[in-house]
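All remarks here apply to the structure that follows.
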């Protein structure tokens, strides 16, 4: 229920309580005290102590319960000052015991007055204890939330530690196995380049050696990044751009041509995606279509940009090579990050066609 509705209901109950317990003549002073004490409940959440003090005069003129007890309860929920709460309970008991005019109070049996004060004081502690109980419940809820937050943080730290160990293990495997084998390929390619007598064989060996060296360089950066394991920031490998396409095609090891162009203002993410698309397509041509020629076409219009990589049919049988079959999946995921599409399909001439298409202006 909305707080305003709750406050309105309490004010209505306080007015009814005051009306039912009105004794004697309704003088302007009594009316003002009753109106102030009841209406003040609207402000009990913001000024609990002030509102409680406003209910004391009406308790002096009539035996009301709703307004002073509500104010005491609100004050007990809002404050942790136990002496203040005890003093307010005593003030409420005193206001409820005294009668107006004050001389009438002391003209009666003082023993009965004391008994009435003790009874009223005990009754006044009921809303105070209820308010303190609610406050304790809020404290428990807050502490449970803090404990749960601490546990979530602990679980996150544990997950990071596990991930760090896995990264370190992966880095060791890449350094000890992959890097070593690629190094051997580079060394053997260099030896073949020196020993080969035919120009085509020397060029092929040079291409293999160049690709192996570039692969080693990227592996070193990846190993460094994996060893960082979320600690200090590590310098990443410089990401490729459109300016690196000519070098990529020259080192691809196949006969390929690059035509067309893309806008110079496309984002670095888009440039990297185009580069990786061409790189993966040329790699697939080299692996699965030996002797084929490739054509790389960059294009753009007012609303889209993209790249098309096509290759002719292979001229000799392909050698079976291990493949994770994740390359095309990765290209589709890169295209989706640009809100674009990636398609790859065979051509009627026996070749293959891969196309990246993305809307202009994407990041």
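Values quoted throughout were computed directly from the atomic coordinates according to the rules given, and no laboratory measurement underlies them. If you're wondering where the values come from, they're calculated on a predicted model, not measured in any experiment. Cβ sites come from the backbone with ideal geometry, for glycine too, and all protein chains shown count toward neighbours.
Odds and ends about this structure:
- Test result for residue 347, surrounded by fewer than 16 Cβ atoms within 10 Å (Cβ to Cβ), touching a helix residue (DSSP H, G or I) at 6+ places or on another chain (Cβ under 7 Å) and more than 28 Å from residue 210 (Cβ to Cβ): no
- Restricting attention to the range 273-317, the residues that are more than 20 Å from residue 345 (Cα to Cα) and crowded, with 16+ Cβ neighbours inside 10 Å total 1.
- Some residue of the range 20-29 being touching a residue at least 24 places away in the same chain (Cβ under 8 Å) and crowded, with 19+ Cβ neighbours inside 10 Å: no
- Flag if residue 43 is under 14 Å from residue 67 (Cβ atoms), touching a helix residue (DSSP H, G or I) at 6+ places or on another chain (Cβ under 9 Å) and surrounded by fewer than 17 Cβ atoms within 10 Å (Cβ to Cβ): yes
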